[in-house]
Amino acid sequence: MEHKGRTALVTGATGGLGVAESKGLALAGANVLMLDVKGREAAEALAGELPEGAGAVRFVGCDLADPEAAQDLVRLLDAEVGGIDILVNNAAINPLKPVDGYDLAEWRKVQDVNATSAVALAQAVVPSMKKKGWGQIIQICSVTLNGGWSDFTSYVSSKGTLLALTRSLARELGQFGIRVNAVSPGAIPTALEKEVWADQLETYVKFLVDHQALKYRGSPEDIAEAILFLVSDKARFITGQNLSVDGGWWMH
Ligand SMILES: NC(=O)c1ccc[n+]([C@@H]2O[C@H](COP(=O)([O-])OP(=O)(O)OC[C@H]3O[C@@H](n4cnc5c(N)ncnc54)[C@H](O)[C@@H]3O)[C@@H](O)[C@H]2O)c1
(Lines give C-alpha, C1' and ligand atoms only; values in the text may rest on other atoms or scores of the structure.)
Protein backbone atom coordinates (compact mmCIF):
# COMPACT_ATOMS: atom_id res chain seq x y z
CA MET A 1 0.00 0.00 0.00
CA GLU A 2 2.78 2.36 -1.01
CA HIS A 3 0.36 5.12 -2.01
CA LYS A 4 -1.98 5.01 1.01
CA GLY A 5 -3.18 8.53 1.77
CA ARG A 6 -2.23 9.81 -1.67
CA THR A 7 -4.56 10.96 -4.42
CA ALA A 8 -4.17 10.01 -8.07
CA LEU A 9 -6.00 11.50 -11.01
CA VAL A 10 -6.33 9.38 -14.15
CA THR A 11 -7.80 10.90 -17.30
CA GLY A 12 -9.72 8.76 -19.78
CA ALA A 13 -10.10 6.56 -16.72
CA THR A 14 -13.17 4.61 -17.77
CA GLY A 15 -11.71 3.43 -21.11
CA GLY A 16 -9.99 0.18 -22.04
CA LEU A 17 -6.71 0.91 -20.25
CA GLY A 18 -7.93 3.57 -17.82
CA VAL A 19 -9.93 1.17 -15.65
CA ALA A 20 -6.92 -1.15 -15.17
CA GLU A 21 -4.67 1.84 -14.44
CA SER A 22 -7.15 3.21 -11.88
CA LYS A 23 -7.55 -0.21 -10.30
CA GLY A 24 -3.80 -0.68 -9.99
CA LEU A 25 -3.39 2.66 -8.26
CA ALA A 26 -6.34 2.00 -5.92
CA LEU A 27 -4.90 -1.42 -5.01
CA ALA A 28 -1.65 0.39 -4.20
CA GLY A 29 -3.65 2.46 -1.73
CA ALA A 30 -4.26 5.70 -3.64
CA ASN A 31 -7.64 7.36 -3.77
CA VAL A 32 -8.31 7.69 -7.49
CA LEU A 33 -10.20 10.43 -9.27
CA MET A 34 -11.39 8.78 -12.48
CA LEU A 35 -11.81 11.67 -14.89
CA ASP A 36 -13.63 11.00 -18.14
CA VAL A 37 -16.25 12.50 -20.41
CA LYS A 38 -18.33 9.33 -20.00
CA GLY A 39 -18.41 5.97 -18.23
CA ARG A 40 -19.65 6.67 -14.70
CA GLU A 41 -20.91 3.04 -14.59
CA ALA A 42 -17.38 1.68 -15.18
CA ALA A 43 -16.06 3.71 -12.24
CA GLU A 44 -18.95 2.55 -10.05
CA ALA A 45 -18.35 -1.07 -11.07
CA LEU A 46 -14.68 -0.75 -10.13
CA ALA A 47 -15.59 0.87 -6.79
CA GLY A 48 -17.79 -2.17 -6.09
CA GLU A 49 -15.08 -4.73 -6.75
CA LEU A 50 -12.17 -3.19 -4.83
CA PRO A 51 -11.19 -5.07 -1.65
CA GLU A 52 -11.24 -3.51 1.77
CA GLY A 53 -8.14 -1.42 2.39
CA ALA A 54 -7.80 -0.29 -1.22
CA GLY A 55 -8.08 3.40 -2.04
CA ALA A 56 -11.46 4.80 -3.03
CA VAL A 57 -12.31 5.52 -6.66
CA ARG A 58 -14.61 8.33 -7.74
CA PHE A 59 -15.90 9.32 -11.16
CA VAL A 60 -15.25 12.92 -12.25
CA GLY A 61 -17.19 13.98 -15.34
CA CYS A 62 -15.13 16.34 -17.47
CA ASP A 63 -14.63 17.11 -21.16
CA LEU A 64 -10.93 17.59 -21.94
CA ALA A 65 -11.85 19.15 -25.28
CA ASP A 66 -12.10 22.32 -23.16
CA PRO A 67 -8.71 22.36 -21.40
CA GLU A 68 -9.38 25.67 -19.59
CA ALA A 69 -12.56 24.32 -17.97
CA ALA A 70 -10.78 21.03 -17.17
CA GLN A 71 -7.95 22.98 -15.56
CA ASP A 72 -10.41 24.97 -13.40
CA LEU A 73 -12.09 21.76 -12.27
CA VAL A 74 -8.80 20.03 -11.45
CA ARG A 75 -7.60 23.09 -9.48
CA LEU A 76 -10.74 22.78 -7.35
CA LEU A 77 -10.21 19.03 -6.91
CA ASP A 78 -6.56 19.60 -6.04
CA ALA A 79 -7.56 22.02 -3.27
CA GLU A 80 -10.35 19.71 -2.06
CA VAL A 81 -8.10 16.66 -1.63
CA GLY A 82 -5.10 18.55 -0.28
CA GLY A 83 -3.04 18.11 -3.44
CA ILE A 84 -3.16 15.54 -6.22
CA ASP A 85 0.01 13.45 -5.88
CA ILE A 86 -0.09 11.35 -9.05
CA LEU A 87 -1.38 12.55 -12.44
CA VAL A 88 -1.82 10.07 -15.29
CA ASN A 89 -2.61 11.76 -18.60
CA ASN A 90 -4.19 8.80 -20.34
CA ALA A 91 -7.18 10.18 -22.28
CA ALA A 92 -6.98 10.24 -26.05
CA ILE A 93 -9.02 10.27 -29.21
CA ASN A 94 -7.59 8.90 -32.43
CA PRO A 95 -9.55 9.74 -35.55
CA LEU A 96 -8.32 7.69 -38.48
CA LYS A 97 -8.18 10.07 -41.45
CA PRO A 98 -5.69 11.06 -44.16
CA VAL A 99 -4.06 14.44 -43.58
CA ASP A 100 -6.14 16.10 -46.28
CA GLY A 101 -9.30 14.52 -44.90
CA TYR A 102 -9.92 16.73 -41.87
CA ASP A 103 -10.03 20.42 -41.07
CA LEU A 104 -7.97 22.34 -38.54
CA ALA A 105 -10.81 22.40 -36.03
CA GLU A 106 -10.60 18.58 -35.87
CA TRP A 107 -6.80 18.78 -35.58
CA ARG A 108 -7.13 21.22 -32.67
CA LYS A 109 -9.64 19.01 -30.89
CA VAL A 110 -7.23 16.06 -30.99
CA GLN A 111 -4.41 18.24 -29.66
CA ASP A 112 -6.71 19.66 -26.94
CA VAL A 113 -7.94 16.29 -25.68
CA ASN A 114 -4.67 14.38 -26.04
CA ALA A 115 -1.97 16.96 -25.33
CA THR A 116 -3.08 20.47 -24.30
CA SER A 117 -5.18 18.99 -21.49
CA ALA A 118 -2.04 17.25 -20.19
CA VAL A 119 -0.30 20.61 -19.91
CA ALA A 120 -3.39 22.24 -18.39
CA LEU A 121 -3.71 19.51 -15.75
CA ALA A 122 0.00 19.57 -14.97
CA GLN A 123 -0.32 23.31 -14.37
CA ALA A 124 -3.19 22.63 -11.99
CA VAL A 125 -1.39 20.03 -9.85
CA VAL A 126 2.26 21.12 -9.93
CA PRO A 127 1.94 23.92 -7.32
CA SER A 128 0.76 21.51 -4.59
CA MET A 129 3.30 18.87 -5.69
CA LYS A 130 6.05 21.48 -5.33
CA LYS A 131 4.83 22.35 -1.82
CA LYS A 132 4.91 18.67 -0.82
CA GLY A 133 8.24 18.09 -2.53
CA TRP A 134 6.80 14.94 -4.14
CA GLY A 135 4.77 14.23 -7.23
CA GLN A 136 4.45 11.89 -10.20
CA ILE A 137 3.25 12.74 -13.69
CA ILE A 138 2.79 10.05 -16.32
CA GLN A 139 1.96 10.62 -19.96
CA ILE A 140 0.49 7.77 -21.99
CA CYS A 141 2.16 7.98 -25.38
CA SER A 142 1.94 5.27 -28.04
CA VAL A 143 3.86 2.73 -30.10
CA THR A 144 2.62 4.67 -33.15
CA LEU A 145 5.05 7.48 -32.33
CA ASN A 146 7.93 5.24 -33.40
CA GLY A 147 6.95 4.70 -36.98
CA GLY A 148 4.51 7.45 -37.79
CA TRP A 149 1.50 5.40 -38.96
CA SER A 150 -0.61 6.39 -41.93
CA ASP A 151 -3.82 8.31 -41.39
CA PHE A 152 -2.99 8.95 -37.72
CA THR A 153 -1.21 12.31 -38.15
CA SER A 154 -3.22 14.29 -35.61
CA TYR A 155 -3.00 11.50 -33.02
CA VAL A 156 0.67 10.71 -33.51
CA SER A 157 1.54 14.43 -33.43
CA SER A 158 -0.27 14.81 -30.12
CA LYS A 159 1.77 11.91 -28.73
CA GLY A 160 4.94 13.65 -29.92
CA THR A 161 3.92 16.65 -27.85
CA LEU A 162 3.40 14.41 -24.83
CA LEU A 163 6.85 12.93 -25.20
CA ALA A 164 8.44 16.38 -25.45
CA LEU A 165 6.37 17.48 -22.47
CA THR A 166 7.64 14.49 -20.48
CA ARG A 167 11.25 15.44 -21.11
CA SER A 168 10.91 19.18 -20.56
CA LEU A 169 8.78 18.83 -17.42
CA ALA A 170 11.12 16.19 -16.03
CA ARG A 171 14.03 18.60 -16.45
CA GLU A 172 12.14 21.51 -14.91
CA LEU A 173 10.49 19.70 -12.01
CA GLY A 174 13.14 17.23 -10.85
CA GLN A 175 14.54 19.81 -8.43
CA PHE A 176 11.16 19.81 -6.63
CA GLY A 177 10.99 16.04 -6.16
CA ILE A 178 8.54 15.61 -9.03
CA ARG A 179 9.25 12.84 -11.54
CA VAL A 180 7.73 12.83 -15.02
CA ASN A 181 7.73 9.77 -17.27
CA ALA A 182 5.84 8.33 -20.22
CA VAL A 183 4.53 4.87 -20.99
CA SER A 184 4.07 3.84 -24.63
CA PRO A 185 1.67 0.95 -24.98
CA GLY A 186 1.93 -1.36 -27.95
CA ALA A 187 -1.29 -2.80 -29.32
CA ILE A 188 -3.29 -3.76 -26.26
CA PRO A 189 -6.56 -5.63 -26.77
CA THR A 190 -9.58 -3.57 -25.75
CA ALA A 191 -13.25 -3.58 -26.67
CA LEU A 192 -12.42 -0.85 -29.18
CA GLU A 193 -9.95 -3.09 -31.00
CA LYS A 194 -12.63 -5.73 -31.59
CA GLU A 195 -15.01 -3.07 -32.86
CA VAL A 196 -12.50 -1.38 -35.19
CA TRP A 197 -11.05 -4.57 -36.70
CA ALA A 198 -14.26 -6.61 -36.60
CA ASP A 199 -13.98 -9.27 -39.35
CA GLN A 200 -10.25 -8.57 -39.94
CA LEU A 201 -9.32 -9.17 -36.31
CA GLU A 202 -7.43 -12.41 -36.98
CA THR A 203 -5.25 -10.82 -39.69
CA TYR A 204 -4.62 -7.80 -37.47
CA VAL A 205 -3.57 -9.94 -34.51
CA LYS A 206 -1.23 -11.99 -36.74
CA PHE A 207 0.37 -8.75 -38.00
CA LEU A 208 0.95 -7.60 -34.42
CA VAL A 209 2.39 -10.84 -33.13
CA ASP A 210 4.67 -11.09 -36.19
CA HIS A 211 6.12 -7.69 -35.31
CA GLN A 212 6.47 -8.27 -31.58
CA ALA A 213 9.50 -10.12 -30.17
CA LEU A 214 7.14 -11.73 -27.65
CA LYS A 215 4.55 -13.92 -29.33
CA TYR A 216 1.61 -13.17 -27.08
CA ARG A 217 -0.68 -10.20 -26.58
CA GLY A 218 -0.27 -7.65 -23.82
CA SER A 219 -3.06 -6.65 -21.46
CA PRO A 220 -4.32 -3.44 -19.83
CA GLU A 221 -2.75 -4.75 -16.61
CA ASP A 222 0.69 -4.69 -18.29
CA ILE A 223 0.27 -0.95 -18.81
CA ALA A 224 -1.01 -0.48 -15.26
CA GLU A 225 2.04 -2.34 -13.89
CA ALA A 226 4.43 -0.13 -15.85
CA ILE A 227 2.77 2.96 -14.42
CA LEU A 228 2.86 1.51 -10.91
CA PHE A 229 6.57 0.85 -11.26
CA LEU A 230 7.31 4.35 -12.57
CA VAL A 231 5.36 6.12 -9.80
CA SER A 232 6.89 3.91 -7.09
CA ASP A 233 10.05 4.47 -5.08
CA LYS A 234 11.61 1.58 -7.03
CA ALA A 235 11.88 4.08 -9.90
CA ARG A 236 13.21 6.89 -7.69
CA PHE A 237 16.14 7.56 -10.04
CA ILE A 238 14.12 7.48 -13.26
CA THR A 239 12.64 10.59 -14.83
CA GLY A 240 12.10 11.96 -18.34
CA GLN A 241 11.87 8.45 -19.82
CA ASN A 242 9.46 6.76 -22.17
CA LEU A 243 8.89 3.11 -21.26
CA SER A 244 7.66 1.02 -24.20
CA VAL A 245 5.33 -1.77 -23.15
CA ASP A 246 4.84 -3.38 -26.53
CA GLY A 247 6.19 -6.95 -26.40
CA GLY A 248 9.42 -5.82 -28.03
CA TRP A 249 7.83 -4.38 -31.15
CA TRP A 250 10.15 -1.37 -31.21
CA MET A 251 13.51 -1.28 -29.51
CA HIS A 252 15.35 1.93 -28.73
N1 LIG B 1 -5.17 0.29 -26.45
C2 LIG B 1 -4.04 0.38 -27.15
O3 LIG B 1 -3.67 -0.55 -27.86
C4 LIG B 1 -3.20 1.62 -27.09
C5 LIG B 1 -2.01 1.62 -27.83
C6 LIG B 1 -1.19 2.75 -27.78
C7 LIG B 1 -1.56 3.82 -26.98
N8 LIG B 1 -2.72 3.78 -26.28
C9 LIG B 1 -3.05 4.95 -25.46
O10 LIG B 1 -3.56 4.52 -24.22
C11 LIG B 1 -4.51 5.47 -23.74
C12 LIG B 1 -5.80 4.78 -23.40
O13 LIG B 1 -6.28 4.14 -24.57
P14 LIG B 1 -7.48 3.09 -24.56
O15 LIG B 1 -7.10 1.97 -25.45
O16 LIG B 1 -7.90 2.80 -23.16
O17 LIG B 1 -8.58 3.96 -25.33
P18 LIG B 1 -10.12 4.15 -25.02
O19 LIG B 1 -10.70 4.84 -26.19
O20 LIG B 1 -10.72 2.86 -24.56
O21 LIG B 1 -10.08 5.14 -23.78
C22 LIG B 1 -9.88 6.52 -23.90
C23 LIG B 1 -10.71 7.22 -22.84
O24 LIG B 1 -10.55 8.62 -23.04
C25 LIG B 1 -11.82 9.21 -22.85
N26 LIG B 1 -11.94 10.48 -23.55
C27 LIG B 1 -12.03 10.67 -24.90
N28 LIG B 1 -12.27 11.96 -25.16
C29 LIG B 1 -12.33 12.59 -23.95
C30 LIG B 1 -12.60 13.94 -23.58
N31 LIG B 1 -12.87 14.88 -24.48
N32 LIG B 1 -12.59 14.25 -22.26
C33 LIG B 1 -12.37 13.27 -21.33
N34 LIG B 1 -12.13 11.99 -21.63
C35 LIG B 1 -12.12 11.67 -22.95
C36 LIG B 1 -12.80 8.21 -23.45
O37 LIG B 1 -14.13 8.44 -22.97
C38 LIG B 1 -12.20 6.89 -23.00
O39 LIG B 1 -12.74 6.45 -21.77
C40 LIG B 1 -4.64 6.52 -24.83
O41 LIG B 1 -3.80 7.61 -24.55
C42 LIG B 1 -4.14 5.80 -26.05
O43 LIG B 1 -3.63 6.70 -27.02
C44 LIG B 1 -3.55 2.70 -26.31
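The values are calculated or read from the model by the stated rules, or taken from the named source; none is laboratory data. What you see is a predicted model, and the numbers here were worked out from it, not measured in a lab. All Cβ positions, glycine included, derive from the backbone under ideal geometry; neighbour counts span all protein chains shown. Please note that ligands, DNA and RNA were not included when accessible areas were found on the heavy atoms of the full protein model with its side chains. Shrake-Rupley method; radii C 1.70, N 1.55, O 1.52, S 1.80 Å.
Tabulated results
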quantity: Contact order relative to length of the chain, as percent, for alpha carbon pairs under 8 angstrom and 6 or more apart; calculated: 19
quantity: Whole-percent carbon and sulfur share, accessible surface of the stretch 79-157, 1.4 Å; calculated: 54
quantity: Calculated [θ] (222 nm, deg cm²/dmol) that DSSP helices of n ≥ 4 give over the chain, each run adding -39,500 (n - 2.57); calculated: -14000 deg cm²/dmol
quantity: Accessible-area composition of the stretch 1-46, carbon plus sulfur, in percent [1.4 Å probe]; calculated: 54
quantity: Spherically averaged projected area of the stretch 10-97 from its Cα convex hull (nm²); calculated: 5.9
quantity: Mean accessible surface per residue for the stretch 1-125, computed with a 1.4 Å probe while every protein chain stays in place, in Å²; calculated: 44
quantity: Inter-probe distance in nm under a simple model that places probes 7 Å from Cα toward Cβ, at residue 40 and residue 2; calculated: 3.4
quantity: The stretch 142-196 and the stretch 70-132: distance between their alpha carbon centers, rounded to Å; calculated: 13
quantity: Cβ-derived FRET efficiency at R0 51 Å, residue 104 paired with residue 225, nearest 0.05; calculated: 0.85
quantity: Cross-link table 130/194; 23/97; 206/234; 4/38; 109/194, entries beyond 31 Å C-alpha to C-alpha; calculated: 130/194; 23/97; 206/234
quantity: For the chain, the spread of Cα positions along each principal axis, largest first, Å; calculated: 48, 40, 37
quantity: For residue 214, net neighbour charge (Lys/Arg +1, Asp/Glu -1) across residues whose Cβ lies under 13 Å away; calculated: -1
quantity: Spin-label pair residue 176/residue 149, simplified geometry with 7 Å Cα→Cβ offset, distance in nm; calculated: 3.1
quantity: Accessible area per residue, Å², the stretch 168-252 with all protein chains present, probe 1.4 Å; calculated: 61
quantity: Relative contact order (%) - the stretch 55-191, alpha-carbon pairs under 8 angstrom, separation at least six; calculated: 28
quantity: Label-point separation, residue 119 to residue 132 (7 Å along Cα→Cβ), nm; calculated: 2.5
quantity: Those residues of the stretch 170-194 whose amide nitrogen sits under 14 Å from the label point placed on residue 209, 7 Å along Cα→Cβ; calculated: 189
